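Colleague: Below: one structure in C-alpha cells.
The values are calculated or read from the model by the stated rules, or taken from the named source; none is laboratory data. Keep in mind it's a predicted model, so treat the numbers as computed, not measured. Using ideal geometry, Cβ is built from the backbone for each residue, glycine included, and neighbour counts are taken over all protein chains shown.
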Amino acid sequence: MPGGTAAIRRERLDKFPGCIRVMVMDASVDTIVFDFDGTLVDSTQAVKQAFVETLAEMEERIPGRSGEKNLDTLSCRTLAEMFHAAGITKSDRIDRAISTYNRKYLAISPFRSALFPEIPQVLKNLRDREITLAVATNERRENLDALLPAFGLDGFFEATICENEVSRSKPEPEMLDTLLKKMDADPLKTLMVGDSNLDMEMGRRAGCRTCAAGYGTHSADQLSAAAPDHIIHHPKELVDVVAGYFFNRT
C-alpha cells in the first residue's frame, strides 16, 4: 500500500486559520476528482490555436514559441494572465480577449483535441470499482458542458465544477472544497488527479491525496516539484494506483 500502513497528512483547520494538524488517514479512496485539459483530454493544440487566433483577431503581437509543444504564456495560471503576458494590459481588452478566446476554443477543441489513450476504459474501470468520479477544471461551464459529450465523457461524472463558478480558482482550494461538499465526499478519501502543479497544490490544500498526470502538458520532472503522492506516465496506471489502496468504506 502506498505510504505504508497509514498515510500522514496535514489538514487545514478552518476554525483556526493558518493552523494545521497532523492526521493519520486510513487507506481507503472512494472519490477521484480529475482536471480536464491535459488530464482527460489533450487540448494543447486547441488551446494554442485559439490563443494565437485571438491575438491575431485583436491585432496583437503573437509571442515567440519556447518549443514545438507550448507557447511561453501557456504556463500562466489564468486566461487573464496569459493575455497579460502576451502584452494586453488594459482590463477591457483582456475581457474582450477572454471572450474571443472562449468562442474560438469551443469551436476548435472538438476537432483539435483528443482523449488521452484509454481514458474511457480507465473511467469505466474506476466506476466499476464503485469509485465516485468528478471534474474540477479551469474550463468555463459553457465549454465543459459542450466538450464532455463531444468526447463521450458526460456519463462518467457525478459532479463537475468550473473556473467561472468560484471566486478563487486553482491553486486555491475553493473549487475542490465546494465540489466535495456538494457530493458529501470526504477529502481524506479523495484523490485529485491533474497535470499541473496548480492541481497538486489545490488538492493538497483541500486535504486530498494527489496524483500527477505526467503524460499531460507538464513533464513528470516539473510535476515532481509539487511533491504529489503519485506520478503516473499513462492514464491506465491510475487503476494500479487506486488498486493500491484498501477500499474500506467507513
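Colleague: Pick from the stretch 147-170 the residues that are among the small types (G, A, S) and touching a residue at least 24 places away in the same chain (Cβ under 8 Å): which of them is farthest from S43 (Cα to Cα)? Give the steps one after another, and end with the answer.
Modeller: If we filter the stretch 147-170 for residues that are among the small types (G, A, S), which is where we start, we get 150, 152, 155, 159, 167, 169.
Keeping just the survivors that are touching a residue at least 24 places away in the same chain (Cβ under 8 Å) gives 150, 152, 159, 169.
Details: A150: 13, G152: 15, A159: 21, S169: 20 Å.
Top of the filtered list is A159.
Colleague: Here is a follow-up. Does S99 fit the bill of being touching a residue at least 12 places away in the same chain (Cβ under 8 Å), within 30 Å of E60 (Cα to Cα) and of a type in the set (S, T, Y)? Can you show your working first?
Modeller: Details: touching a residue at least 12 places away in the same chain (Cβ under 8 Å): no; within 30 Å of E60 (Cα to Cα): yes; of a type in the set (S, T, Y): yes.
When the stated conditions are applied, S99 does not pass them.
Colleague: Residues that are in the same structural domain as L144 (by TED's automatic domain parsing) and modelled with pLDDT under 80: list the strands (runs of 3 or more DSSP E) wholly contained in the stretch 7-73 that include at least 2 such residues. Explain how you work it out, then say what you get.
Modeller: Numbers: elements: 7-12, 20-25, 31-34.
Where strands (runs of 3 or more DSSP E) fall fully within the stretch 7-73 and carry at least 2 residues being in the same structural domain as L144 (by TED's automatic domain parsing) and modelled with pLDDT under 80, they are 7-12, 20-25.
Colleague: If you don't mind, there's one more thing I want to ask. Can you tell me which condition A226 does not meet? The list is (1) surrounded by fewer than 20 Cβ atoms within 10 Å (Cβ to Cβ); (2) in contact with a Lys or Arg (Cβ under 9 Å, 6 or more places away or on another chain); (3) without any contact (Cβ under 8 Å) to a residue 60 or more places away in the chain, and all the others hold.
Modeller: (1)
Colleague: Let me ask something else about it. Please find, within the stretch 129-140, the residue that is nearest to E81 (Cα to Cα) out of those that are at pLDDT 95 or above and of a type outside the set (S, T, N, Q).
Modeller: Residue satisfying both the conditions and the ranking: A136.
Colleague: Just checking, which of M175, M192, M183 is under 18 Å from I231 (Cα atoms) and of a type outside the set (S, T, Y)?
Modeller: Matching residue, one of M175, M192, M183: M192.
Colleague: What's the total number of residues in the stretch 174-200 that are under 25 Å from L115 (Cα atoms), surrounded by fewer than 22 Cβ atoms within 10 Å (Cβ to Cβ) and at pLDDT 95 or above?
Modeller: 0
Colleague: Which of the following residues is touching a strand residue (DSSP E or B) at 6+ places or on another chain (Cβ under 8 Å), surrounded by fewer than 23 Cβ atoms within 10 Å (Cβ to Cβ) and over 17 Å from D35 (Cβ atoms): G155, G207, G244? First the steps, then the outcome.
Modeller: Details: G155 fails: touching a strand residue (DSSP E or B) at 6+ places or on another chain (Cβ under 8 Å); G244 fails: touching a strand residue (DSSP E or B) at 6+ places or on another chain (Cβ under 8 Å).
After applying the criteria, what remains is G207.
Rundown of residues vs (1) within 19 Å of L133 (Cβ to Cβ); (2) touching a Ser or Thr at 6+ places or on another chain (Cβ under 9 Å), yes/no style:
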{"position": "F151", "(1), (2)": "yes, yes"}
{"position": "D154", "(1), (2)": "yes, no"}
{"position": "R168", "(1), (2)": "no, no"}
{"position": "E172", "(1), (2)": "no, no"}
{"position": "T178", "(1), (2)": "yes, no"}
{"position": "M183", "(1), (2)": "yes, yes"}
{"position": "M192", "(1), (2)": "yes, yes"}
{"position": "D199", "(1), (2)": "yes, yes"}
